[in-house]
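Engineer: Can you read through this structure? Questions will come right after.
The values are calculated or read from the model by the stated rules, or taken from the named source; none is laboratory data. This is a predicted model, so every value here is computed, not measured. Methodologically, a virtual Cβ is constructed for each residue, glycine included, from the backbone with ideal geometry; neighbour enumeration extends over all protein chains shown. Remember, those area values only see protein heavy atoms, side chains included, never the ligands or the DNA or RNA. Shrake-Rupley method; radii C 1.70, N 1.55, O 1.52, S 1.80 Å.
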Amino acid sequence: MLRASLRRLWLKIHRWIGLSLGPVLALTALLGAVLVVALPIDREAHPALFVARSAADAGTGTPALPLEPLRQRLAAEFGPDTTFTLRPPRSPGETLWVYVRGPWDGTLYLDPATGAEQGRRGSHEGAYNLLFELHSSLLLEDTGKGILAFVALAYLFLLVTGLVLWWPARWPPSLRISLNRGLLRGLFDLHRTGGAVLGLLIAVSVFTGAYMAWRPLGGFISAAMGQEVVKPPAVPKGAATTGPRLPLDKLVARAQNVFPGQPIGYVQVPARPNRPVRVRFRLADDPHPNGISSVWLHPLTGEVLAVRRWQDLDAGNGAVVVIYPLHTGVLGGPVHQAVTLLLGLALGGLGLSGLWLWWRRRAVAAAARDIALANNRTTS
């Protein structure tokens, strides 16, 4: 009796978590699966944005054109309160990307040899950007990221309750899926067995997504390990914050002196001179595809304020080095991306099949009650 009542309790927990949060989980999972194939499709569909018209000197290092005139041109167009992040080309023939955050949010695509603009897209423009924003924030920015983090962590409860309900009395368990006993039974077996077999793998994808969506999670992990969170440096109090900026080319050159010969991942240029310029490098041993080892410099004097390799970060922040490529499927190449695609489809299928099974069983139960009532009226 106790075993049956506990099972009913676990079933209720599993059912109501799935019904309330399952649609959001299924949506984000399916969007994540679509994004795996949408990125290469987007590049093929819009060559003007991604292929430089002039491939001369376009390589994996600093763009050929001077950066300071480009920064001044962008500041004049978008205003002094706008931050810019430059992404140099990573293969010959690629465009230079500039992420703009200010009165207008979006990405500029420039020829790295001439600086000529080849196109621009707002943060929510284009199918790929819209899918990405839906997947990463539900179009609600930080609020949406918090919701997704909560939903992703709730999946762990779904996994635990699902495993409790699936756990067989005898081992080895039967993983049979009966597809010849009707759609309802077949979907039930797929939902039950698929969740048990793939649940832990899906949990890795879900947890890594929650980790990236909700940044405080990294701080909690570092605190639990007794580590102090490594924060970006600030321009020292009393240091010069007014006057002409040092040319961006000189700042980048000084950063390259710290990591000579290493490709640059990003150059982050703040709007105000009281915040440092950050140059991110993709070191050879860095698992992060964009590189996370960084040099921070005073934007007016060029003083190096801090240098941090990815190994120097606390556990919570340093874990992003692996978590990001693990979640996106980049870590293991095409095979890993294919697995990521399949896991996204599997989680979406589990969510949708759970909803359908609940609705169908309610419909069957309602029909049975109607038949029973009709029989009672007939006999009476």
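Engineer: Restricting region 1-47 to residues that are touching a residue at least 12 places away in the same chain (Cβ under 8 Å) and charged (D, E, K, R), which is least open to solvent (accessible area, probe 1.4 Å)?
Structural biologist: Step by step, filter region 1-47, then rank; the result is Asp42.
Engineer: Now, a different point. Exactly one condition in (1) farther than 21 Å from Asp249 by Cα; (2) open to solvent by 50 Å² or more (accessible area, probe 1.4 Å); (3) at pLDDT 90 or above; (4) in contact with a Phe, Trp or Tyr (Cβ under 9 Å, 6 or more places away or on another chain) is not met by Phe50; state its number.
Structural biologist: Here Phe50 clears every test but (2).
Engineer: If you don't mind, there's one more thing I want to ask. Inspect all residues belonging to region 217-231 and state whether any of them is closer than 16 Å to Leu352 by Cα, open to solvent by less than 80 Å² (accessible area, probe 1.4 Å) and modelled with pLDDT under 90. Please lay out each step first, then the result.
Structural biologist: Just the residues of region 217-231 that are closer than 16 Å to Leu352 by Cα, to begin with: none.
No, region 217-231 has no match at all.
Engineer: Looking at region 251-277 only, could you name the residues that are part of a loop (DSSP other than H, G, I, E, B) and either over 20 Å from Val100 (Cα atoms) or under 22 Å from the mean Cα position of the chain (by Cα) (or both)?
Structural biologist: Of all residues in region 251-277, those part of a loop (DSSP other than H, G, I, E, B) come to 259-263, 270-276.
Selection gives Phe259, Pro260, Gly261, Gln262, Pro263.
Engineer: Give me the pairs: first residue in region 358-377 and within 25 Å of Lys12 (Cβ to Cβ), second residue surrounded by 10 or more Cβ atoms within 10 Å (Cβ to Cβ) and of a type in the set (A, V, I, L, M, F, W, C), beta-carbon distance under 7 Å, and six or more apart or on different chains, which are they?
Structural biologist: These pairs meet every condition: Trp358/Leu19; Arg360/Leu184.
Engineer: Among the residues of region 84-104 satisfying the criterion of being open to solvent by 50 Å² or more (accessible area, probe 1.4 Å) and either out of contact with any Ser or Thr (no Cβ under 9 Å at 6 or more places or on another chain) or at pLDDT below 95 (or both), which is nearest to Ala253 (Cα to Cα)?
Structural biologist: Here is the first cut: in region 84-104, the ones open to solvent by 50 Å² or more (accessible area, probe 1.4 Å) are 92, 99, 101, 103-104.
Within this subset, residues satisfying the condition of being either out of contact with any Ser or Thr (no Cβ under 9 Å at 6 or more places or on another chain) or at pLDDT below 95 (or both) are 92, 103.
Working: Pro92: 21, Pro103: 30 Å.
It comes out as Pro92.
Engineer: For region 295-337, give me the residue count where each residue is touching a residue at least 40 places away in the same chain (Cβ under 8 Å), open to solvent by 50 Å² or more (accessible area, probe 1.4 Å) and under 17 Å from Val206 (Cα atoms).
Structural biologist: 5
Engineer: On to the next question. Step by step: first the residues of region 166-213, then only those that are among the hydroxyl-bearing types (Ser, Thr, Tyr) and over 28 Å from the mean Cα position of the chain (by Cα), then the one that is least open to solvent (accessible area, probe 1.4 Å). Which residue is that?
Structural biologist: Ser178
Engineer: If you don't mind, there's one more thing I want to ask. Scan region 347-362 and give yes if some residue there is in a strand (DSSP E or B) and of a type outside the set (Phe, Trp, Tyr), otherwise no. If you could, list the steps in order and put the result at the bottom.
Structural biologist: Filtering region 347-362 for residues in a strand (DSSP E or B) gives none.
Within region 347-362, not a single residue is in a strand (DSSP E or B) and of a type outside the set (Phe, Trp, Tyr).
Engineer: Tell me the residue from Arg245, Arg280 that is touching a Phe, Trp or Tyr at 6+ places or on another chain (Cβ under 6 Å) and either open to solvent by less than 50 Å² (accessible area, probe 1.4 Å) or in a loop (DSSP other than H, G, I, E, B) (or both), please. Step through it out loud before you land on a result.
Structural biologist: Numbers: Arg245 fails: touching a Phe, Trp or Tyr at 6+ places or on another chain (Cβ under 6 Å).
Selected residue: Arg280, the only one of Arg245, Arg280 that is touching a Phe, Trp or Tyr at 6+ places or on another chain (Cβ under 6 Å) and either open to solvent by less than 50 Å² (accessible area, probe 1.4 Å) or in a loop (DSSP other than H, G, I, E, B) (or both).
Engineer: Scan Ala154, Ala113 and give me the residue that is touching a residue at least 12 places away in the same chain (Cβ under 8 Å) and assigned to a helix (DSSP H, G or I).
Structural biologist: Details: Ala113 fails: assigned to a helix (DSSP H, G or I).
Just one listed residue meets the conditions, Ala154.
Engineer: Kindly indicate the residue of region 105-132 that is over 20 Å from Gly144 (Cα atoms) and among the hydrophobic types (A, V, I, L, M, F, W, C) and also surrounded by the fewest Cβ atoms within 10 Å (Cβ to Cβ) among those meeting that condition.
Structural biologist: Taking the candidates together, the pick is Ala116.
Engineer: Continuing with the same structure: Restricting region 145-163 to residues that are among the small types (Gly, Ala, Ser) and crowded, with 18+ Cβ neighbours inside 10 Å, which is farthest from Arg101 (Cα to Cα)?
Structural biologist: Looking only at region 145-163, we keep the residues that are among the small types (Gly, Ala, Ser), and these are 146, 149, 152, 154, 162.
Remaining after also requiring crowded, with 18+ Cβ neighbours inside 10 Å: 149, 152, 154, 162.
Working: Ala149: 24, Ala152: 28, Ala154: 32, Gly162: 43 Å.
Out of the qualifying residues, it is Gly162.
Engineer: Quick check on this structure: which one of Val335, Val330, Val322 is outside any loop (DSSP other than H, G, I, E, B) and within 21 Å of Pro263 (Cβ to Cβ)? Step through it out loud before you land on a result.
Structural biologist: Details: Val335 fails: within 21 Å of Pro263 (Cβ to Cβ); Val330 fails: outside any loop (DSSP other than H, G, I, E, B).
Only one candidate passes the filter, namely Val322.
Engineer: If a residue must be touching a residue at least 40 places away in the same chain (Cβ under 8 Å), open to solvent by 40 Å² or more (accessible area, probe 1.4 Å) and over 14 Å from Phe84 (Cβ atoms), how many such residues does region 253-273 contain?
Structural biologist: Residues meeting the conditions: 3.
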